[in-house]
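The next block holds one structure in the form of structure tokens; read it before the comments.
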Amino acid sequence: MHKYRHYNSFNRILLLILDITLIAFAFKLSNLFRYGDLELTHQYSIFFVLFALVWWIVSGFKNFVFRIDGFIPVGRRTGNMLNAFAIHAVILASCIVIFNLEHLSRLLLLYTYLFTALLIGLSRVVLFLAQRYFSKSDMAYSRYVIVGMGPAAINLHQTFSSDEAPGRKFMGFFSDKADELSKHSSMVKGNVSDLQEFCLQNNIDEVYYTLPVNDKEHIDELTEFADENFIYFRIVPDFSAIVQREVNMYFYQNIPMISVRKEPLEQVTNRVIKRAFDIAFSLGVILFLFPIVMPIIALAIKISSPGPIFFKQLRPGKKNRLFVCYKFRTMRVNNNTELQATKDDPRVTRVGAFLRKTNLDELPQFFNVLLGDMSVVGPRPNLVSQLDHYSKVINKYKMRHFVTPGITGYAQVSGYRGETKEVHLMEKRVEYDVKYMENWSFMMDMKIIFLTVWNMVKGEKNAY
């Protein structure tokens, strides 16, 4: 069970609407304090839309901006909120410069941030306290029992008993095994034959069946009993012997299937969304940015050292298919093309060092994206020699090639780029690449792109 899987996305939408409403109220208050009037001018109405839009974007960058439950420590929840406002301020400041809004009142902006932080912070406190109150009240409890006491039953009980599942009240186990009855006597309420009478006497809301599912007659009997008495009857299969991690279950028509690994990009819809964004983003870069920087970079490369402007190299892509990867040439022409760049590498030119530091050497790879060999975001394509070597010494190394490689990736923005002198450095890259595969979302891609641009601005010590 994913730690936060049960959190309802609909609640996030409601909280986002609440936040936008509070931001609008904060704008009104700020205008009153600054100009003595509640009515916003047309100019500040547009600024409100920009302010609220940036808050919506930041909500995708920072986890738990919209969380109100008690699953996260107060300190971390406060830190997340402060980080969200800091990122919001950076993006908003950039928008002010880009859209030439420097004439906006700085005092009004300060009032707006103060009132917004105060109102949103108070709303979280009120909603959190209300959630805690109703989860502890008896009216919020859903009484449940568990049939069986195998590994699936124990895991289910431990999960529901933790703070991750407020609002449920455990009423007992039911088992026919003598050793289980004696071992957990205080928690076992009787044999399986006692279940129906117990449910009626104690107003049970949910029954979780963890016994083997080969007794169809017994399951049909309990199903009919549950339907007649408005009880939710749920079967919990025990896969503990073959599955040791979170899995995805889905149906192909009426056939249940289990995937032992989360693969969001296995879904056609997600792949279409990602590919459509790749095409639009790469076309934008090629049409609007490339014509401006290409002549400057090409001239600088030619002046720095003799040789071609572009560097071409075979790299392993999705499912290890080789493709020609394009980059601006950053080294003097040499025969050691499979040798990874190191710190103070004598092969790297001065211009090349700057291009590597700012990631501008990767710009030609947007043509790879347009051709479908690469994606804007994904695991970085390593050298062919690295594929041969690390696939033998690092577990799950080949898994990163399940998806299309990217110009930038989760590992790179998490601090794992540059030279990999030691195996553990590549292991960390693989770890983050697999995390990306298993947790992909469109907003995760947006976050990685934002962090990549941010790292280009501030510079990266491991880029050489």
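Values in this text are rule-based calculations from the coordinates and carry no lab data. Model, not experiment: these values are computed from the prediction. With ideal geometry, Cβ positions are generated from the backbone for all residues, glycine too; neighbour counts draw on all protein chains shown.
How would you rank 203-216, 394-407, 372-385, 297-310, highest first, on the average number of other Cβ atoms within 10 Å across their residues?
Working: 203-216: 16.7, 394-407: 19.9, 372-385: 22.3, 297-310: 14.9.
My ranking of the peptides, most packed first, is 372-385, 394-407, 203-216, 297-310.
Shown here is the pair-distance distribution of the stretch 289-436: with all Cα-Cα distances grouped in 10 Å bins from zero up to the longest one, the shares run 11, 41, 37, 11, 1 percent. Centroid-to-centroid, using Cα positions, the stretch 354-388 and the stretch 210-227 are 55 Å apart. List, in the order given, every pair from 262/343; 274/357; 189/262; 28/274; 302/447 whose Cα-Cα distance in the structure shown is over 30 Å. Beyond 30 Å: 262/343; 189/262; 28/274; 302/447.
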